[in-house]
1. Could you tell me what a quarter of the Cα convex hull surface of region 216-343 works out to, in nm² with one decimal place?
2. Within the set of other residues whose C-beta is less than 10 Å from the C-beta of Glu263, count the net charge using Lys and Arg as +1 and Asp and Glu as -1.
3. Using a Gaussian network model of the chain whose springs link C-alpha atoms within less than 10 Å, name the residue from Gly182, Gly164, Gly204 with the highest mean-square fluctuation.
4. Arrange the peptides 236-243, 297-304, 104-111 so that the one whose residues have, on average, the most other Cβ atoms within 10 Å appears first.
5. Just order 77-89, 330-342 by mean Cβ neighbour count inside 10 Å, highest at the front, would you?
6. Dipole magnitude of the chain about its Cα centre, charges +1 at Lys/Arg Cβ and -1 at Asp/Glu Cβ only, in debye to the nearest 20?
7. Which residue, Asp329, Asp274, Asp290, tops the fluctuation ranking in a GNM of the chain built on C-alpha contacts under 10 Å?
8. Please arrange Arg186, Arg235, Arg46 by how many other C-beta atoms lie within 10 Å of their C-beta, fewest to most.
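Taken together, the values in this text are just the output of simple stated rules run on the coordinates, not laboratory data. The structure displayed is predicted, hence computed values, not measured ones. Heads up, the Cβs are rebuilt from the backbone with ideal geometry, glycines too, and the neighbour counts pull from every protein chain shown.
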Amino acid sequence: MRHRKHTLVIAGAAATTLLLAACGGGDSSDDAGSNGGGGGEGKTMRVALNQTEEHPSYIALDNFGAYLEENTDGWGIDVFPNETLGAQAEALQLVSDGSVDMAIVSGTQLENLNEDFVVFNLPRVFDDVEHQMSVIHDPEITGELYSSLEESNNFTVLGGFTQGARSVYTDAPVETPADLAGQKIRVQESDLHIAMAEALGGAGTPMAYGELYTGLQSGVVDAAENNEVSYFTQRHYEVAPYFSYTNHLVGLDYMIINTDLLESMSEEDRAAFDEGWTAAHQEHTQLWADATQEAIEGAEAGGATFSEVDDAAFAEPLEALASEFITTDSQQTLYDAARAAAR
Ligand code: GCU
């Protein structure tokens, strides 16, 4: 059984617990009765997502679920959008303890658990989406990294979805870092990204994604940075109408899954799961360009203005972050492998 549309808007830990109880959370048996009595051990997996149902990540995950239903013995996916299972930091804990099965979490969240992940969160490590996808789905580069949290946190990284290029937005056009002087820029919960806000000319204020609209509206922060798709689907253009193309970073979302659950799949179902996941991230990449274009048009229709920046003025401070944040041999190895794969 799959529920394609969730309209629940529930916030806070208590509500999450209630919701999980209602969904059979914490029970690793087949909660959806979907194995048809044929001896299969599959279940409908709950996936935590902080995006809307229009976002490419929701669409690709929902189609992944349909693929699993057709090609496995009882496995499926139920996507919970809009942080209904909690913001990313919370979702990550829930996947660790098995009360949620999978989550899409930004790379910044994983940097706080294993500092090697910092490498792929750096400005300018990836030239574009294609380069990023080729690196992060190359098991020779990422194999050890993706299994590194299995022992300590009981989840496995499967690969990821692009966040596209991220740029700044505020209530006036930005051309150089000086235009962001004195501005509080909302960043993800990451030391690197706090430093990145300084490199962009402002000061970093970490905040969960779902709080940002109100943060901008109330003036708790003055600016934010994200891709056009988030800018539009989260309606941030209503409260920060100038989007300036700093293109400081090609961001990355990871797909994580509870390791015990992953290891419980039969060999055949695991093979189908891997195929379905590959198709899902490929579909996501294909959807991304169109979604970006639609987001630009939608935000413009809502009053937003997009403008170019003085790239040279941002280049040096952003590039300096790599030498500051790469401090170990393993980080350097990942960085070199990523750069070697650039065209
Ligand atoms: C993007 C990304 C999310 C992330 C968000 C953020 O939308 O896809 O995973 O949480 O940026 O800035 O927090």
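1. Projected area, direction-averaged: 12.0 nm².
2. Within the 10 Å Cβ shell, the charges total -1.
3. Gly182
4. 104-111, 236-243, 297-304
5. 77-89, 330-342
6. It works out to roughly 800 debye.
7. Result for the chain, Cα springs under 10 Å: Asp329 fluctuates most.
8. Arg235, Arg46, Arg186
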